[in-house]
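Input: a single structure, listed below in structure tokens.
The values are calculated or read from the model by the stated rules, or taken from the named source; none is laboratory data. Just so it is clear, the structure is predicted and the values come from calculations on it, not from any experiment. Because the Cβ atoms are built from the backbone with ideal geometry, glycine has one as well, and the counts that use them run over all protein chains shown. Please note that ligands, DNA and RNA were not included when accessible areas were found on the heavy atoms of the full protein model with its side chains. Shrake-Rupley method; radii C 1.70, N 1.55, O 1.52, S 1.80 Å.
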Amino acid sequence: MTLTAEQVASYRADGFVHPIRVLDDAGASDLRAALDDHLRADIPTDAYELTDPIAIRATGSGEARRLEYVTGGRSTPHTFPFLFNIWRFDDRFRRVAFDSGIADLARQLLDCSEVLLMEDNAIVKYPHTGTLPWHQDLGYWPIVEPEAVTVWIALDPMTPHNGGMQLVPGSQRRGERLPVDFGTGASLLADERPHAGTVPVDPAAEGHPVVSYLLAPGEAGLHDPLVWHASWPNDSDAPRCAYALRYLRSGAVWWGDRRMPYDDIGCRVGERVDGRHFPAV
């Protein structure tokens, strides 16, 4: 899989590019069936409810200052299931996450020779559920710079009527904004990042252009960690399922729980991340 010069230019300008075919129909159908196994709890998975309340507190001071979750840990999914590092539990997802062709797309956009799989997520929006608030990805990731790419793969048809993604072209050039609580839309960590500002609650109302992903199963959108995005309500009678791969440039600087609580990967704050910490693809 190779992006054209026009697609790379579109990504640089807009902060995303779509649609890119990464799975054939059979591959997308197989992954969708695999996800059903996890949603039925036939296979154990690290699963969260994405809209549950989040509270984060700081401990220590100076170089010893760290962030930790007060609430926001693992819970029973009920509205917006979020399955974390599913590749560790299921070879069907692992084969896709470690597909060299998909990783090549991230390498092109990051202009590097090696990418690491930072994480993967299966993201499900149940029928008749509301919007997911506008946000950026970087605020939730413990890296210093936005040296990562998300490959967001549709496992169901994605439309504005079943919870498809919305994005603001060019918003990645507006810098880092605060993360938000997905249940309430309230900003998080304002005391820790006083100069970060917020993503608008309704970018269109403030005059920003908004683009929607229209994706068939097996097609993907690739987006920058700083681009503003959200999802429509799911007004349909069926779940809306997607599979997201987060590829990180090998050598990116780790900021750990100075930025956001994260599972211990054996990497110190300020250290460069490599294959000892996340698998190289």
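Rounded, prolate or oblate: pick one for the chain, where a ≥ b ≥ c are the square roots of the eigenvalues of its C-alpha gyration tensor, a/c under 1.5 means rounded, and failing that, prolate if a/b is larger than b/c, else oblate. Show your work: numbers first, answer last.
On the way: a/c = 1.21, a/b = 1.16, b/c = 1.04.
Rounded shape, in that the Cα axes give a/c under 1.5.
Keeping every protein chain present and rolling a 1.4 Å probe, give me the accessible area per residue for the chain in Å².
Numbers: 11990 Å² over 281 residues.
Roughly 43 Å² per residue, with all protein chains present.
With all protein chains present, how much of the accessible area of the chain (probe radius 1.4 Å) comes from carbon and sulfur, to the nearest whole percent? Write down the numbers at each step before the final one.
On the way: 6000 of 11990 Å².
Carbon and sulfur: 50 percent of the exposed surface of the chain.
Please say if the stretch 1-104 is rounded, prolate or oblate, where rounded means a/c under 1.5 for a ≥ b ≥ c the square roots of the C-alpha gyration tensor eigenvalues, and otherwise the choice is prolate for a/b larger than b/c and oblate otherwise?
Working: a/c = 2.37, a/b = 1.29, b/c = 1.84.
Oblate is the answer for the stretch 1-104, as a/c is 1.5 or above yet b/c matches or exceeds a/b.
Which value, in debye to the nearest 20, gives the size of the charge dipole of the stretch 39-100 about its Cα centre, when Lys and Arg are +1 and Asp and Glu are -1 at the Cβ? Numbers along the way, then the final one.
Numbers: 9 positive and 9 negative charges, 20 e Å.
Roughly 100 debye, rounded to the nearest 20.
Under the Kirkwood approximation applied to all pairs of distinct alpha-carbon atoms, what is the hydrodynamic radius of the stretch 221-281 in Å? Don't skip to the answer; put the middle values down first.
Numbers: mean 1/r = 0.0685 Å⁻¹.
Answer for the stretch 221-281: a Kirkwood hydrodynamic radius of 14.6 Å.
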